[in-house]
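Input: a single structure, listed below in C-alpha cells.
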Amino acid sequence: MYRDSPGRARIMRIGKERTMLNRRQFLQGTLAAGAASWAMTAGAQASAATNGERPNVLFIISDDQAWGDYSFMGHPYIDTPRIDRLARESLCYTRGYVSAPLCCPALASMVTGLHPHQNGITCNDPTAVSDNPWEWTPERFEMREEIISAIDHLPSLPRMLGEAGYQSMQTGKWWLGDYARGGFTHGMTHGDPERGGRHGDEGLKIGREGLDPIADFLDEAASDPFFIWYAPFMPHDPHTPPERLLQKYLGYIDNEPVARFWAMCEWFDETCGDLLDMLEERGVADNTVVVYACDNGWIQNPLIRDRFAPRSKQTHYEGGIRTPIMVRWPGRIEPRMDVTTPVSIVDMVPTALAACGIDTTPEMPGLDLGDHERAVARGGVCGGRYAHTARDNHDPLANLDALWVVQGDWKLATPAGPQTTVDSEVELFHVVSDPHELNNLAAGYPEKVDELMAELADWWSEGAATAKAAGNG
Ligand SMILES: [Ca+2]
C-alpha cells in the first residue's frame with residue numbers, strides 16, 4: 001500500500017479548491033488577455049519572415065488505434081507500410097502519450113497545445129438528458145455550444161498560423177463546431193446540430209471516400225504556406241474496410257471483429273500513403289513538416305464488432321494513452337527512432353510553431369519535438385483521464401477520473417477528481433519491462449510513489465495556475 005504523502009494529499013484536494021476555470025466565467029470573455037497574447041506573437045513573427053522561408057505543416061491524426069498496431073511497432077499481422085516509411089524518415093518517438101484517452105479533449109490539445117485542465121475541454125458530450133446517452137434535445141445542443149465556444153477564445157494552431165499568412169484546411173474529426181471557429185480558412189465540418197453536427201459531420205468522409213477536398217485545397221492554396229489537419233474517422237468504427245482487406249486479415253485470424261479492425265488499420269495506412277504521395281507529386285514534400293500521432297488507443301473486443309476491450313480507449317492504461325509520435329522534415333530534422341523518451345501530444349503545436357518560426361504562448365507546456373535534446377532532458381510527461389459524457393456542464397473539473405505520469409521507465413496512475421468513478425489503487429508500473437501493466441509495484445517502491453505523486457501534483461497545479469494566469473480563474 002502507498003503511504004500518505006504531500007503529493008498524494010495535494011491530489012486528493014483536486015476539485016475541492018477552485019483552481020480551474022468555471023465554464024460560465026470562461027464564456028464571459030475572460031480569456032481575452034490570452035487571445036490577445038497569441039495574436040501579437042503571431043503577428044510579430046509574420047512580419048519577420050517571408051513566404052519562401054516558412055514550411056508547410058501536415059498533421060496526420062489516427063483515431064482509435066493502439067500504440068502497437070503498426071508493423072514498425074512490432075505488430076505480427078497488421079501491415080502499415082506507409083506509416084512505417086514515415087517513421088523511418090522521421091524523428092519518431094515510440095513512447096508518445098495523449099493528454100486524455102478521449103477523442104474531443106485529445107484533439108483539442110492537438111490544436112491548442114494545452115492540457116484539458118488548462119483549456120477546459122474535458123469531455124466528448126454534455127450531460128445526458130435521459131438514460132439514453134445518445135438522446136439530444138435543444139437544451140443539450142445549447143450545452144454543447146457552451147462547451148465548444150471555448151475554441152473561439154483559445155489559442156489555436158491554424159489561427160496562429162493564419163496570422164503569419166498561412167492557409168489552413170480542416171478534414172476529418174473536429175468536435176468544435178464549424179471549422180472556421182478553430183481558425184481554419186478552409187474545411188469540411190459545419191458543426192450544425194440541425195444537420196448532424198457533432199464530431200466532424202461532412203469531414204468524416206475524408207479518407208474513407210478519398211482525398212479530393214485536400215487536392216482541391218492544395219490547388220487553391222499552393223501560393224501560400226499551408227496547414228492541413230488530416231484526422232480521418234479511421235481506423236475508428238464503424239469497421240467497414242474494403243472487402244479485399246477484410247479477406248486478407250480473415251486469412252490470418254478466425255475472428256471477424258478483430259480482422260475488421262486490423263483491416264481498418266491498413267486501410268487508414270493506405271490513405272496516409274496517398275496523402276504523402278500527393279505532397280511528393282506536387283513537389284512540396286521537402287518543405288512540409290509532417291507530424292503524426294493518434295488521439296487515443298483501441299483494443300478490439302474479439303466478441304463484439306466495433307466495440308473496445310477493457311484497458312484501452314477511455315482508460316489511463318497504455319492501451320488508452322500511448323501512441324507513437326513522429327515528426328518528418330526532410331533535411332531539417334534528422335530521422336531517428338527514439339524508443340526511450342516519453343513525449344506528449346501537447347508537444348505537437350509547439351513543434352509546428354517552432355518549425356514556422358512562431359513563438360508559443362506562455363500557457364503552452366509542450367516543447368519542440370524536433371529539439372531532441374530538450375525532449376530527452378524533460379524526462380517525462382503527465383496526463384488525465386476524463387468522463388466521456390459530462391457530469392456537470394458548468395464544471396469541467398467534475399469530469400476528471402484519474403491522473404498519470406510517465407517518468408523514465410516508470411508510470412504512476414492514481415484516481416483523482418471529486419466525482420471519480422475509478423476505484424483502483426494507486427498503480428506503479430515499470431512500463432519499459434512491463435508494457436502491458438501486469439505488475440503493480442506500488443507496495444514495493446513507496447519512495448518512487450511519493451516522488452511521482454509530487455511530480456503529478458506539481459504538473460497539475462502548474463497547469464491550473466497557467467489557466468488562471470490566462471484569465472480562466
Ligand atoms: Ca478517438
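The values are calculated or read from the model by the stated rules, or taken from the named source; none is laboratory data. Note that the structure is predicted; figures quoted are calculated from it, not measured. Glycine also receives a Cβ, built like all others from the backbone with ideal geometry; neighbour counts cover every protein chain displayed.
In segment 200-210, the qualifying residues are those that are under 14 Å from Gln170 (Cβ atoms) and part of a loop (DSSP other than H, G, I, E, B), and the one that is farthest from the ligand (Cβ to nearest atom) is Ile206. Among the residues of segment 79-90, those that are crowded, with 23+ Cβ neighbours inside 10 Å and either part of a loop (DSSP other than H, G, I, E, B) or within 14 Å of the ligand (Cβ to nearest atom) (or both) comprise Thr80, Ser90. Within segment 217-233, residues that are within 18 Å of Ala164 (Cβ to Cβ) have Cβ atoms under 7 Å from residues that are among the hydroxyl-bearing types (Ser, Thr, Tyr) and outside any loop (DSSP other than H, G, I, E, B) in these pairs: Phe226/Ser168; Phe227/Ser168; Trp229/Thr171, counting only partners at least 6 apart in sequence or on another chain. Considering only residues in segment 160-183 that are surrounded by fewer than 24 Cβ atoms within 10 Å (Cβ to Cβ) and assigned to a helix (DSSP H, G or I), the one that is farthest from the chain's Cα centre (by Cα) turns out to be Glu163. Apart from one condition, Val289 fits all of (1) of a type outside the set (Phe, Trp, Tyr); (2) crowded, with 21+ Cβ neighbours inside 10 Å; (3) touching a Leu at 6+ places or on another chain (Cβ under 8 Å); (4) assigned to a helix (DSSP H, G or I); the exception is (4).
For (1) modelled with pLDDT of 95 or more; (2) small (Gly, Ala, Ser); (3) more than 30 Å from Glu139 (Cβ to Cβ), each residue gets a yes or a no:
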{"position": "Thr185", "(1), (2), (3)": "yes, no, yes"}
{"position": "His190", "(1), (2), (3)": "yes, no, no"}
{"position": "Gly207", "(1), (2), (3)": "yes, yes, yes"}
{"position": "Asp216", "(1), (2), (3)": "yes, no, yes"}
{"position": "His236", "(1), (2), (3)": "yes, no, no"}
{"position": "Glu243", "(1), (2), (3)": "yes, no, yes"}
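Do we find that Tyr97 is within 16 Å of the ligand (Cβ to nearest atom), under 21 Å from Arg336 (Cβ atoms), at pLDDT 95 or above and aromatic (Phe, Trp, Tyr) in this structure? Yes; evaluated as a whole, the condition is true for this residue.
Picking from residues in segment 287-314 that are touching a Pro at 6+ places or on another chain (Cβ under 8 Å) and over 30 Å from Leu275 (Cβ atoms), the one that is nearest to the ligand (Cβ to nearest atom) is Ile304.
Figure legend. Inter-residue proximity from segment 75-92: first residues among the charged types (D, E, K, R), second residues assigned to a helix (DSSP H, G or I) and crowded, with 21+ Cβ neighbours inside 10 Å, beta-carbon distance below 8 Å, spacing 6+ or different chains. Indicated pairs: Asp79/Glu266; Asp79/Asp269; Arg82/Asp269; Arg82/Cys272; Arg82/Leu276. When Gly191 is tested against (1) assigned to a loop (DSSP other than H, G, I, E, B); (2) free of Cβ contacts under 8 Å to residues at least 24 places away in the same chain, exactly one condition is not met: (2).
Against the list (1) more than 16 Å from the ligand (Cβ to nearest atom); (2) in contact (Cβ under 8 Å) with a residue 40 or more places away in the chain; (3) farther than 19 Å from Gly68 by Cβ, the condition Asp254 fails is (2).
Tell me which helices (runs of 4 or more DSSP H) are completely within segment 317-418 and hold 2 or more residues being closer than 30 Å to Glu163 by Cβ and in contact with a Gly (Cβ under 6 Å, 6 or more places away or on another chain), or say none if there are none.
Because the criterion is at least 2 residues that are closer than 30 Å to Glu163 by Cβ and in contact with a Gly (Cβ under 6 Å, 6 or more places away or on another chain), the helices (runs of 4 or more DSSP H) in segment 317-418 that meet it are 348-355.
Residues that are part of a strand (DSSP E or B) and in contact (Cβ under 8 Å) with a residue 40 or more places away in the chain occur in segment 112-125; there is at least one. Scanning segment 220-251 for residues that are within 16 Å of the ligand (Cβ to nearest atom) and in a loop (DSSP other than H, G, I, E, B) yields Pro232, Phe233, Met234, His236, Asp237, Pro238, His239. Quick check on Ser109: is it in contact (Cβ under 8 Å) with a residue 24 or more places away in the chain, crowded, with 24+ Cβ neighbours inside 10 Å, within 16 Å of the ligand (Cβ to nearest atom) and assigned to a loop (DSSP other than H, G, I, E, B)? Criteria not met by Ser109.
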